[in-house]
Amino acid sequence: MNMLSGDVAGERHQPSRPSVPTGASAARGRVERLLEDRFREAPQVRPQAAVLTDALLVTSELVTNAIRHGGGVTGFAARVTDEGLELTVRDRNPAVPVVRLRPDGQTFPVGGYGWPLVQRLATRIHITPLREGKSITVLLPLGPRSPA
């Protein structure tokens with residue numbers, strides 16, 4: 001199965017025309033449906049609400065960054081593995097995300113918090129350069145969060 005067809009992994013059909021989310025809300029909706037379907041049969045192992053919120057937040061950040069800085073989303077996949085939720089977002093820009101460092105006494109410019117948040121919440125991040133753009137895959141644990 002082509003994991004970057006735009007469909008959420010686990011669906012039994014292959015779309016005739018691959019689609020990608022047009023915005024963060026659509027991507028969050030796909031992840032919500034995936035997680036609801038996954039834990040419907042085993043509600044006793046459903047992740048904590050905070051963990052689910054983190055997963056949706058990271059989904060939003062990756063898709064928003066692809067739209068804002070990457071020339072648009074060109075691929076999207078979400079799947080649940082034994083290790084957690086794996087999200088992959090492709091975009092058109094080959095540049096990797098960077099963290100803007102704050103000089104002492106100055107505030108961050110508007111924005112700039114999303115990528116550090118993704119880095120903090122994901123247990124694994126893999127950025128793959130593509131012929132036209134890049135692919136970012138993150139792994140988010142679905143087990144209980146450790147206290148910070």
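The values are calculated or read from the model by the stated rules, or taken from the named source; none is laboratory data. What you see is a predicted model, and the numbers here were worked out from it, not measured in a lab. Here Cβ is always computed from backbone atoms with ideal geometry, including for glycine, and neighbour counts include all displayed protein chains.
Computed values, structure above
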item: Per-region count, the stretch 40-61, residues assigned to a helix (DSSP H, G or I), hydrophobic (A, V, I, L, M, F, W, C) and more than 19 Å from the chain's Cα centre (by Cα); result: 1
item: Which numbered condition M3 misses (of (1) within 19 Å of I136 (Cα to Cα); (2) at pLDDT below 95; (3) not in a loop (DSSP other than H, G, I, E, B)); result: (3)
item: Selection status of T74, among the β-branched types (V, I, T), within 15 Å of V138 (Cα to Cα), at pLDDT 95 or above and out of contact with any helix residue (DSSP H, G or I) (no Cβ under 7 Å at 6 or more places or on another chain); result: no
item: Residue within the stretch 39-50 that is surrounded by 12 or more Cβ atoms within 10 Å (Cβ to Cβ), of a type in the set (F, W, Y) and touching a Lys or Arg at 6+ places or on another chain (Cβ under 6 Å) present; result: yes
item: Near pairs, Cβ below 7 angstrom, 6+ apart or cross-chain, from the stretch 75-86 (free of Cβ contacts under 8 Å to residues at least 60 places away in the same chain) to any residue that is crowded, with 20+ Cβ neighbours inside 10 Å and part of a loop (DSSP other than H, G, I, E, B); result: G84/L142; L85/L142
item: Residues being over 17 Å from A27 (Cα atoms) and among the charged types (D, E, K, R) - total across the stretch 42-57; result: 1
item: Residue ID - surrounded by the most Cβ atoms within 10 Å (Cβ to Cβ), chosen from residues in the stretch 20-38 that are small (G, A, S) and assigned to a helix (DSSP H, G or I); result: A27
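Condition check ((1) touching a Pro at 6+ places or on another chain (Cβ under 7 Å); (2) at positive phi; (3) at pLDDT below 90) across all residues:
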| site | (1), (2), (3) |
| --- | --- |
| D91 | no, no, no |
| P94 | yes, no, no |
| V98 | no, no, yes |
| P109 | no, no, yes |
| Y113 | no, no, yes |
| P129 | yes, no, no |
| G133 | yes, yes, no |
